[in-house]
Amino acid sequence: MLRGILLGEADRILTLYSPWRGKVRAVARGVRRPTSRLGGHVEPLIHGSYLLARGQELDVVTQGETIHSFPRLRDDLGSIGGGLYAAELIYHSTSEGVENYPLFRLLLDTLMRLDGEGSVELALRYFELHLLGHLGYRPQLGRCVACQGALPPTVNFFTASGGGVLCPSCHPPESSVRRLSLNALKTLRFFQEKDWAQASRLKVSPPLMAEIKGALREFILYHLERELKSTLFMDLVGGHGSAASGATVLRPAHGR
Amino acid sequence: MNNPVTTAAPVGRLIQEFHKLPGIGPKSAQRLTYYLLRAPVEEARSLAQAILDMKERVVLCSICQNVTDSDPCLICRRGDRDGGQICVVEEPLDILALERTGEYKGRYHVLHGVISPLSGIGPEALKVKELLARLRDGLVREVIMATNPNLEGEATAMYLQRLIAPLGIKVTRLARGLPVGGDLEYADEMTLARALQGRQEV
Ligand SMILES: [Zn+2]
Ligand SMILES: [Zn+2]
């Protein structure tokens, strides 16, 4: 379940992401009442099993059961932010009724990881990189996207419009393309090629994580062609219990 | 919405105004409009005046942010309400629900919404600054989080708890458990787990 939008007095329009039908919208009736049988099963970031009946405009959820509610994720602001960010990315990057099982699997695995002990940031970078792959925008990290030559072991450049990394000789000197350190390139490659068991053991320093995060976010925004609302919340609550003391967080964020 | 050309313009306009209201579909908007068309003019005038009075005379209480026609509101003015407890709710209607129980003797604070990450609604859009300002006088002992028991309500409560905890004030959360009249078989695992955690000796 990706999100629910209020409809009338007590109903919600749900957006689900399913293994075989991709993104699905359906209406759940009466779920805001405390005695609703569906209520707790149709919250955002619930992995559940739902029975839908064909409706006139929208399908109607007739039964629902939680498979996994990710209770530890729900107890941590950083993990909630991460989970909602993952859900928002899937929501905006997919179309209704288009099956993409690997993407479903990636989302589910990511929620499991956010429900675990590990680093939220690491899980999200892994998610972003593999999401791009499953959507057909896999960043080319092995060779220069312009000359197809091997990348020298130095600072290279990361271009969202070019689809990957530019070597220093292909990079126009005056342009504003993002610089990519050798460590960042190596980390991105490692994430792209290895499975999560290996990737999750990687120790990434905060500055390096910030560099990778910036590069991937630029890449994602370029393909999504929109800002993501949940990033404001993630910036607000920071990582695990960090940041956020009174006055500083109360300033309006970019006049929204 | 398609109004037949035979509909008089003022009728069509009222239908459209009703249709803008939450929970009112095109059919209900038409039904309300035709009801008023047949009703005596006094009834229509009284409705119009009630709407205008509500907009012109109702303000937000400068203390608790509840809607009121006198500032401070009735609850904030009453001497028998415990100023050491503040119950934080999402909407003014939540106060009505809690007051109906007759169980609570403290004061309230209305946030006028919840933090909603997917809608881009952050704390700056809510009455959070006003809540923190009320906690500075050192008289408040306990802040009770009564936001809705869903993801956004929980996230808002957790966020406020993070802001309030450093002030040395106790933060509590309404207990979450099984609804009266509900059925154990249909309870979701979160509700059941919390009902178990919050069980009481009988
Ligand atoms: Zn090159
Ligand atoms: Zn008041």
Report, in degrees rounded to the nearest 10, the 0 to 90 angle that the Cα long axis of helix A:101-114 makes with the longest principal axis of chain A. 90
Packing-ranked peptide list from A:95-102, A:127-134, highest mean Cβ count within 10 angstrom first, is A:127-134, A:95-102
Using alpha-carbon coordinates, inclination of helix B:41-57 to the longest axis of chain B, degrees: 40
Per-peptide average of other Cβ atoms within 10 Å, ordering B:60-69, A:203-212, A:147-156 highest first: B:60-69, A:203-212, A:147-156
Relative to the longest principal axis of chain A, what angle (0 to 90°, nearest 10) does the C-alpha long axis of helix A:206-224 take? 70
Give me the one-decimal Kirkwood hydrodynamic radius in Å for region B:67-201, with the sum taken over alpha-carbon pairs. 16.2
If you place +1 on the Cβ of every Lys and Arg and -1 on the Cβ of every Asp and Glu, how big does the dipole about the Cα centre of the protein assembly as shown come out, in debye to the nearest 20? 540
Coil-residue GluC sites (Glu not before Pro) of region A:31-92, DSSP, other Cβ within 10 Å capped at 12: A:E57
Enumerate the lysines that B:K170 could reach by cross-link, defined here as Cα to Cα under 19 Å, with residues fewer than 8 away along the same chain left out. B:K105, B:K129
Excluding residues fewer than 8 places away in the same chain, name every one of the lysines whose C-alpha is closer than 24 Å to that of A:K194. A:K186, A:K203, A:K213
Sorted by mean Cβ packing within 10 Å, highest first, what order do the peptides A:187-199, A:42-54 take? A:42-54, A:187-199
Average beta-carbon neighbours from other chains, 10 Å sphere, peptide B:189-196: 4
Any chance you could check the Cα centroid distance between region B:91-157 and region A:1-53 for me, in angstrom? 25
Across A:13-24, the residue-averaged tally of Cβ atoms belonging to other chains within 10 Å stands at 0
Based on the alpha carbon coordinates of the protein assembly as shown, what radius of gyration and maximum Cα-Cα distance (Dmax) apply, in Å? 26.0, 85
Per-residue average of Cβ from other chains inside 10 Å of B:110-118: 5
Excluding residues on the same chain fewer than 8 positions from B:K20, give the lysines whose Cα lies under 25 Å from its Cα. B:K55
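Each value in this text was obtained by applying a stated rule to the coordinates, not by laboratory testing. All values derive from a computational prediction rather than experimental measurement. Virtual Cβ from ideal backbone geometry, glycine too; neighbours counted across all protein chains shown.
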